[in-house]
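J.: Below are the structure tokens for one structure; questions will follow.
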Amino acid sequence: MSYRRTNGHVTSAKIVIAGGFGVGKTTLVGSVSEITPLTTEAIMTSAGVGVDDNRDVPGKTTTTVAMDFGRITIDQDLILYLFGTPGQTRFWFMWDELVRGAIGAVVLVDTRRLADCFAAIDFFEHRQLPYLIAINCFDGIRFHTVEDVREALAISPETPVIMCDARSRESTKQVLITLVEYVLSLRRNRANTPDATPVR
């Protein structure tokens, strides 16, 4: 993607929303989507006992089994299509298809369960897909600073780490704008470095 303001030209881009089980991915997509989001929520059953760890989200009764889908117009000439991934490991076989053609990803993090996001970070780094970390502040409470989270996740200084509230349209919109700007800056830098590995 090369996003520039042009007369009447609309650019569309795909963004993946990932993270651990129950971190707020469906909520994030739903809060910002300008269309009724497509969700594949299913009631959690006894089959998930011992497989899905919901100790930290005891009120959660449904789970995404395929993907969430939404759309937002960031500007008059930029439309983002959002694809939320399922959080449970048994559904990860779908991730390769979900990320195909994406320009970048948002890794949503719950600081009470930081380890849950390691797999998503490894997945995107292995595929060289740009991503940022969005710390979901449940009930507006900050459990750790941005610097604490960056250090705990051992990610590069260039990777954006920001606070957000997945329930808030404006907060979520800012996450997406930050990701687009980050992807564009990477592409500009690589365009000026002839032998650099290209960003998808």
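The values are calculated or read from the model by the stated rules, or taken from the named source; none is laboratory data. In this text, all values refer to a predicted model and were calculated from it rather than measured experimentally. Virtual Cβ from ideal backbone geometry, glycine too; neighbours counted across all protein chains shown.
J.: For segment 129-152, give me the residue count where each residue is in a loop (DSSP other than H, G, I, E, B) and at pLDDT 95 or above.
T.: Count: 2.
J.: Does any residue of segment 177-189 turn out to be touching a residue at least 24 places away in the same chain (Cβ under 8 Å) and of a type in the set (D, E, K, R)?
T.: Scanning segment 177-189 turns up at least one residue that is touching a residue at least 24 places away in the same chain (Cβ under 8 Å) and of a type in the set (D, E, K, R).
J.: So which of Ala152, Ala134 is among the small types (Gly, Ala, Ser), touching a helix residue (DSSP H, G or I) at 6+ places or on another chain (Cβ under 9 Å) and farther than 29 Å from Arg71 by Cβ?
T.: So the residue among Ala152, Ala134 that is among the small types (Gly, Ala, Ser), touching a helix residue (DSSP H, G or I) at 6+ places or on another chain (Cβ under 9 Å) and farther than 29 Å from Arg71 by Cβ is Ala152.
J.: Residues that are touching a helix residue (DSSP H, G or I) at 6+ places or on another chain (Cβ under 6 Å), closer than 19 Å to Phe69 by Cα and modelled with pLDDT of 95 or more: does segment 94-102 have at least one?
T.: no
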